[in-house]
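Shown next, in structure tokens, is the structure this report addresses.
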Amino acid sequence: MPTPSATAPHTQVQRMHAAIDKVVAVGPGFLRGEVDVQRMTDTMIGAVRGYAEQEKIAGGDGMPHGAEAERLHEVLRELYGCGTGFQADRCDAACVARTITYMVDEFGAAQG
């Protein structure tokens with residue numbers, strides 16, 4: 001039976017992917033103009049905050065564990081930074097669209 005520390009990176013990565021998947025699920029509608037930028041950025045921020053809460057509940061220390069988790073942590077930072085940046089008037093909808101285009105291209109295949 002694996003120890004909790006042996007399985008923790010895997011579950012952390014799963015939680016990270018689940019957060020990214022929430023954004024990617026809304027992304028195509030945003031890119032087609034069916035979802036407004038406020039809802040898109042609310043989704044981005046909410047997905048990252050939800051992940052952080054799940055990590056806390058799971059006893060995580062807030063740090064990525066393993067190479068894949070480190071890569072996905074940077075993706076989550078980008079989603080959060082982009083979403084909050086738009087909502088704080090530090091960037092525009094075109095910037096959000098570039099981020100979401102990348103996310104859909106990079107992670108959309110996992111959506112099915």
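Things to note:
- Two-decimal Rg/Rh across segment 68-109, once Rg and the Kirkwood Rh are taken from alpha-carbon atoms: 1.01
- Accessible surface comparison of 21, 105, 92, probe 1.4 Å, protein chains only, largest first: the order is 105, 92, 21.
- Per the chain, cysteines lacking a partner by the 4.7 Å Cβ criterion: 82
- Read-out Kirkwood radius over Cα pairs in Å, derived from the coordinates shown; its label in [x] 15.0; [y] 17.7; [z] 14.4: [z]
- Rounded accessible area per residue of segment 16-97, 1.4 Å, Å²: 53
- Normalised by 2.2 N^0.38 Å, where N is the number of residues, the alpha-carbon radius of gyration of segment 15-68 equals 1.30.
- When 56, 22 are compared by accessible area at a 1.4 angstrom probe, the order from most to least is 56, 22.
- Within the accessible area of the chain (1.4 Å probe), percent carbon and sulfur: 55
- Springs join every pair of Cα atoms under 10 Å in this Gaussian network model of the chain, and among 17, 73, 65 the largest mean-square fluctuation is at 65.
- Farthest positive-ward along segment 48-87 dipole, Cα basis, beta-carbon charges - from 58, 84, 72: 84
- Projecting the Cα atoms of 94, 107, 18 onto the charge dipole of the chain, computed from C-beta unit charges around the Cα centre, puts 18 farthest toward the positive end.
- Of the residues 89, 42, ranked by 1.4 Å probe accessible area with the largest first, the sequence reads 89, 42.
The values are calculated or read from the model by the stated rules, or taken from the named source; none is laboratory data. Computed from a prediction, not measured in an experiment: that's the story for all the values here. Note: ideal-geometry Cβ built from the backbone for every residue, glycine included; neighbour counts use all protein chains shown. Only protein heavy atoms, including side chains, enter the accessible area calculation; ligands, DNA and RNA are left aside. Shrake-Rupley method; radii C 1.70, N 1.55, O 1.52, S 1.80 Å.
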